Amino acid sequence: MAHPVLRRLAAVPPAYWVFALLLLTLWIARPNMLNPNVLGIFVRQVVPLGILVLGQLLVMRVRSIDLSGGGVILLINYIITSRTFPEASGLTFVALALAIGGAVGLLNGYMVARRRVSAVIVTLAVSIILVGLVQFLSSGTPPGDVPKYMNEIFDIKYGPLPLPVLFWLGCTGLVWLVMQHSVYGRYVEAVGESAEAAAFSGVPVERTVVLAHVLAGLIAAVAALVQTGSIAVGSVRVGLDLPILAVAATILGGVVFGRGEGGVWGPFFGVLSFALLFVVMTVFGIDEAGKLIAQGLIILMAAILYGTRAKRG
Amino acid sequence: MIRWFTSGFSARRSRHGLWGVPLVIAVALVAILSLGTDQFATRENLFNLVAQAMPLLIAAIGQLFVILVGGLDLSVGSIISFSTAILSLDGPAVVLIPAVFVLAAAVGLINGLVITRMGVHPIIATLAMQYVLLGITRILRPVSGGTVPDLVIAAVQGSVLGVPLPLFWGIIAVGLAAKILYGSRFGLHLFAIGGGVAAGMDDAASTYGIRVGRNIVLAYVASALFAALAGVFLAGRIVSGDPNVGLLFELDAITAAAIGGTQLSGGVGSLHGTVLGAIVLALLANGMNLANVSPFIQTAIKGGLLLAIVGLQSRKKMGL
């Protein structure tokens, strides 16, 4: 890896390689699948994951982690579908969702940054509490239907481009702007590199981490709204595997605890890779078991190829 | 003795962690349950309690090894499911039982090598392993079924001289772990390595001549082996292979270790604390069932307890 070109290539987040490889496979095996209408439908399915990843990459860049997204999604989905607030309009739901997401994020951030409790444990505990709360409120039975207008918004398409996909692109662009061009983005980068060095340089380390968690909570709330729009009937299991998948996609995108060469678009392509992986697997008739194995191996290979250059974080 | 005891109540200056809190909670729960309900102190219920608690206890002990070196093993649940699937295959017990442990050791070895040699973060490495193992388990046994060797069933169900056999599993697992952690060089090295990792110097222990990488690998092997033991026990209880039996077990194991005062930053934790953590979780589940608390709110209470207890254990390091 001494050659500068090779070194440069090795620095490219694995997500781009995987995405290109999967696209090539699909192009060779089933060229007819590569039309915007078909792909649009598959990509639309991963939009909630894609949005959740934006929060995950933010907290992972400050060397934290957020596993509470599943609980947030579940609770918001429950509130909307159970008609706990029968008179509520769409905007009320949005406000309520953001309030829940923000509150959960604030709690996570306070515990992680101020109380200095392990982020894995805190966000895990918060997720357990939220899941338990929803199970208690619903007594284990699935809640009601999703309001029609939410499904309708989710189904809007501009040409071949579904609205949720455009929304995802917009959100990703927004986070990219914040990371690239705001003081806060620089703070996040500094804290990720070294919290001690950042503190000595006058970066408000604790506040940066708290804010990262609050933003992750708000983003999880947005993901919850999109997720709710994507299903017709409420469920007490929806979204529980999303946080772990989000961690996986973020890693694939070249953002590892504290290191962020992948930027915002790396994880974006990480999510797209997962979407494409499912298309390819379905095309080749590989079952659930094969999908799990492939997913695991891809994460592992990506982490190994990407991690050998750096010391364990 | 008194000093050792009081150290369990202070998060500082103790490598054992805050294990006094789960002790108090456990004693309080036993007192409340035996006074408050008629069914708790019955022989039948205590039998049940021990059998229910055992897989979690064993898996949590395994998790303790890797947490002590500042790692985390998310593949525990998948190893448990994988073990039950292997045991439910057609074949003689003398082949299947050793096979479970050999394969688990291989899984642990891969985890450890990927983490130490390839520089992959433990969460990522063991998460990937979890996916792969779950996939293999689904191939071996798509839905629950098959039968487990009679030997395993006999060793889990039943009792000797009125003492339920699961209790012996616990005694053996705890005894083994005590010998490894407190009676061997390896155990001492684990604490030393973890202490360095917690202080932000990953290789601090190597300056004292400790082979850091090798010991970390062994910690993951130990975690996988204890998970396999928990898997064998569970297989004996459900009498069949089940691809979903270990689902989210790793999170319960981490919860038990954390309630027992083990710190995820490494170097701080104890076997007795972890055992107490598992006992608290088991008592909580058992007690709330007896008290007719909705099983759904139990989950929330468990999460709240975890949050409250780790909230007491502040540390210097921020983040994971």
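Take every Cα pair under 8 Å in chain A that's 6+ residues apart, average their separations, divide by the length, and report that relative contact order as a whole percent.
Reported as a whole number, the value is 37 percent.
Using only DSSP helix segments of four residues or longer, with each worth -39500 (n - 2.57), what per-residue ellipticity at 222 nm results for the protein assembly as shown after dividing by its residue count and rounding to 500?
Calculated mean residue ellipticity at 222 nm is -23000 deg cm²/dmol.
Under the classification rounded if a/c is under 1.5, otherwise prolate if a/b is larger than b/c and oblate if not, where does chain B fall, given a ≥ b ≥ c as square roots of the Cα gyration tensor eigenvalues?
Here chain B falls in the oblate category.
Straight-line reach from residue A:148: which lysines have Cα under 22 Å away, leaving out those fewer than 8 places along the same chain?
Residue A:148 reaches A:157.
Counting only Cα atoms, I'd like the Rg/Rh figure for the stretch B:135-252, Kirkwood definition for Rh.
Taking Rh as the inverse mean 1/r over Cα pairs, Rg/Rh reads 1.09.
With only alpha-carbon pairs counted, each pair once and no self-pairs, how large is the Kirkwood hydrodynamic radius of the stretch B:191-320 in angstroms?
When all Cα pairs of the stretch B:191-320 are included, the Kirkwood radius is 16.9 Å.
Of A:211, B:200, A:172, which is farthest along the charge dipole of the protein assembly as shown in the positive direction, counting Lys and Arg as +1 and Asp and Glu as -1 at C-beta?
Of A:211, B:200, A:172, it is B:200.
Report, as an integer, the average count of C-beta atoms from other chains found within 10 Å of each Cβ along B:308-315.
Average neighbour count from other chains, rounded to a whole number: 4.
Using just the alpha carbons, could you tell me how many Å³ per residue the convex hull of the protein assembly as shown encloses?
For the protein assembly as shown, the hull spanned by Cα atoms encloses 169 Å³ per residue.
Distance between the C-alpha centers of the stretch B:1-79 and the stretch B:86-137? Whole Å please.
26 Å
For peptide A:241-247, what's the mean number of Cβ atoms from other chains within 10 Å of each residue's Cβ?
1
List the GluC sites (Glu not before Pro) within the stretch A:187-276 that fall in a DSSP loop (any state other than H, G, I, E or B) and whose Cβ has at most 12 other Cβ atoms within 10 Å.
Those that pass, being in a loop and sparsely packed, number zero.
Choose one answer from B:42, B:137, B:274: the residue with the largest mean-square fluctuation in a GNM of chain B with alpha-carbon springs under 10 Å.
Result: B:42 has the largest fluctuation of those listed.
Considering every residue in A:286-292, what mean count of other chain Cβ atoms within 10 Å of its Cβ is obtained?
Per-residue shielding by partner chains comes out at 5.
What ranking of B:126, B:116 emerges when the number of other C-beta atoms within 10 Å of each C-beta is taken as an exposure proxy, fewest first?
Going from least to most buried by this count: B:116, B:126.
Let me know the charge dipole size of chain A about its Cα centre in debye, to the nearest 20, where only the beta-carbon of Lys, Arg (+1) and Asp, Glu (-1) is charged.
With only Lys, Arg, Asp and Glu charged at Cβ, the dipole is about 680 debye.
According to a simple spin-label model (label point 7 Å from Cα along Cα-to-Cβ), what is the distance in nm between residue A:8 and residue B:238?
5.3 nm
What does the highest-first list of A:237-249, A:77-89, A:96-108 look like by mean Cβ count within 10 Å?
A:237-249, A:96-108, A:77-89
Could you pull out every whole DSSP H run in chain B that spans at least 24 Å of Cα extent along its own axis and averages 1.0 or higher on the Kyte-Doolittle scale?
Helix filter hits for chain B: B:43-68, B:93-117, B:122-140, B:165-182, B:212-238, B:271-290, B:295-312.
Sorted by average packing, counted as other Cβ atoms within 10 angstrom per residue and highest first, what order do A:251-260, B:277-286, B:171-180, A:296-305 take?
Final packing ranking: A:251-260, B:277-286, A:296-305, B:171-180.
Provide the three semi-axes, in whole Å and in decreasing order, of the ellipsoid equivalent to chain A as defined by the square roots of 5 times the Cα gyration tensor eigenvalues.
30, 27, 17
With each pseudo-label sitting 7 Å past Cα toward Cβ, what's the residue A:176-residue B:314 distance in nm, one decimal?
4.1 nm
Using per-residue counts of other Cβ atoms within 10 Å, averaged over each peptide, order B:261-273, B:306-318 from highest down.
Peptide ranking by packing, descending: B:261-273, B:306-318.
Throughout, read-outs are computed from the coordinates displayed, never taken from laboratory work. Everything numeric here is computed off the predicted structure, so don't read it as measured data. Because the Cβ atoms are built from the backbone with ideal geometry, glycine has one as well, and the counts that use them run over all protein chains shown.
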